[in-house]
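The values are calculated or read from the model by the stated rules, or taken from the named source; none is laboratory data. Everything quoted here is computed from the prediction, not taken from an experiment. Every residue, glycine as well, gets a Cβ built from its backbone with ideal geometry; the counts of neighbours run over all protein chains shown. All accessible areas refer to the heavy atoms of the entire protein, side chains included, with ligands and DNA or RNA removed. Shrake-Rupley method; radii C 1.70, N 1.55, O 1.52, S 1.80 Å.
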Amino acid sequence: MSNTEPKTLQAAILYFADPDNCISYLVARRWSDGVVSCPTCGSDKVAYVASRRVWQCKTRHAKAQFSIKVGTIFEDSPIALDKWLMAMWMLANCKNGVSSWEIHRTLGITQKSAWFMLHRIRLALGEKPEHKMGGPDGGPVEVDESFVGGDPKNWHLSKRGKRKRFTDPEVKIKSEKTAVVGLLDRDAREVRAKVVPNVNRETLQNEILAQIESRATIYTDGWKGYSDLQRQEFIHETVNHVEEYVRGDVHTNGLENFWALMKRSLKGTYVCVEAYHLDRYVTEQVFRYNNRNTKKRPMDDGDRFSLAVTQILGKRLTYAELTGKDQARQF
């Protein structure tokens, strides 16, 4: 990594004002070995056309010319790279997130374009886990669920009358909100979270089996969806929040901290998030939480931004998918 690469937002604005700096920065992270290859055929026999800032593949095929945007979240976007990289810097480093209206005002683009950009960046921030939590030694893992949705006191009276929660005392308030399940590996200080259709036993335990090593120690609250985990070869300890929140090492306070950070951004910055977009907002918060500055893993804004840029390859989100006009959307 070059010493001239930016470490602060002010330095990034000056650095990425030069289009050649944008390209060199992205090339260093897309092709770490320094060998540029064609995204269509994979050939490394390419020549850089400096006047147009594109590469020419010497193999004859339909897409012989390509730019740095091809094959990334930037593909087919007319917005310049300096604006893309500034939006990515802000989203990766602003602890409470950044709204599309702020990006619209700051970068001088339309709010609609800013909203689309931010969702594409959130897609890039997501990673597929390479290992299960808990490790081979059966480390401690917290598991908890949370619910995201509007406050009933802010609903219109006409809506309240149609909702069961106001007419049926047996229906819990949380039942009509969107459920999110979270897992925290205490040793690795790593969080994983995703939107789930419900918090039934089958749904929660499928997530636990998929994400946590057997024989790990799992800490949860007293929700019945976590019952019988011992049969799945886990050590399971629960804390009853009606009576206590901590009993020695048995608590879910680590995840409660994560939920507080996530909901602060949802309520204070994004204000109104549709359920079918929520998973990407959760992904955004997971990225910032897992890559925060700690003693064991010191990271500054430049490091966090650099990591985000390495994840842009091979991820596409079209506007039709984002708005639900494409049946292939994956939310």
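Rounded to the nearest 10 Å², what accessible area does Met90 have for a 1.4 Å probe in the complete protein model?
Solvent-accessible area, nearest 10 Å²: 20 Å².
What is the sum of charges around Lys95, taking Lys and Arg as +1, Asp and Glu as -1, for the other residues whose C-beta is under 12 Å from the C-beta of Lys95?
So the surrounding residues net to +2.
State to the nearest 20 debye the size of the charge dipole of the chain about its Cα centre, where the only charges are +1 on K and R beta carbons and -1 on D and E beta carbons.
1260 debye
With viscosity set to 0.890 mPa s at 25 °C, what whole-number translational diffusion coefficient in µm²/s follows for segment 1-46 from Stokes-Einstein and a Kirkwood radius over Cα pairs?
The Stokes-Einstein estimate is 205 µm²/s.
Which order do you get for Ser43, Ser32 if you rank them by accessible area with a 1.4 Å probe, largest at the top?
Ser32, Ser43
Any chance you could give the angle, 0 to 90 degrees and rounded to 10, that helix 278-290 forms with the longest Cα principal axis of the chain?
That works out to roughly 80 degrees.
Just to confirm, what accessible area per residue do you get for the chain at 1.4 Å probe, in whole Å²?
It amounts to 55 Å² per residue over the chain.
Using the alpha-carbon atoms, what tilt in degrees (0 to 90, nearest 10) does helix 253-265 show relative to the longest principal axis of the chain?
60 degrees
Please return the longest range in the chain lying between exposed loop sites, taking GluC sites (Glu not before Pro), DSSP loop only, at most 12 other beta-carbon atoms within 10 Å, and leaving the sites out.
Result, exposed sites excluded: 1-129.
For segment 219-233 and segment 45-106, write down the distance between their C-alpha centroids in whole Å.
If we compute the Cα centre of each part, the gap is 46 Å.
Against the longest alpha carbon principal axis of the chain, how many degrees, from 0 to 90 and to the nearest 10, is the axis of helix 111-125 turned?
Its long axis makes an angle of about 80 degrees.
Please report how far the C-alpha centroid of segment 273-291 lies from that of segment 116-148, rounded to the nearest whole angstrom.
For segment 273-291 versus segment 116-148, the Cα centre distance is 10 Å.
Which order do Trp89, Trp101, Trp155, Trp223 take when ranked by solvent-accessible area (1.4 Å probe, heavy atoms of all protein chains), largest first?
Largest accessible area first, the residues go Trp101, Trp223, Trp155, Trp89.
Among residues other than Lys58 whose Cβ falls under 12 Å from its Cβ, what is the net charge (Lys/Arg +1, Asp/Glu -1)?
+1
May I ask you to give the percent of accessible area on the chain that is carbon plus sulfur, with a probe radius of 1.4 Å?
Roughly 50 percent, rounded to a whole number.
When DSSP assigns beta bridges and you keep just the ones with both residues in the chain, what percent turn out antiparallel, to the nearest 5?
70 percent
With +1 assigned to the C-beta of every Lys and Arg and -1 to the C-beta of every Asp and Glu, and no other charges, what is the dipole magnitude of segment 214-331 about the Cα centre in debye, to the nearest 20?
Computed about the Cα centre, the dipole is about 400 debye.
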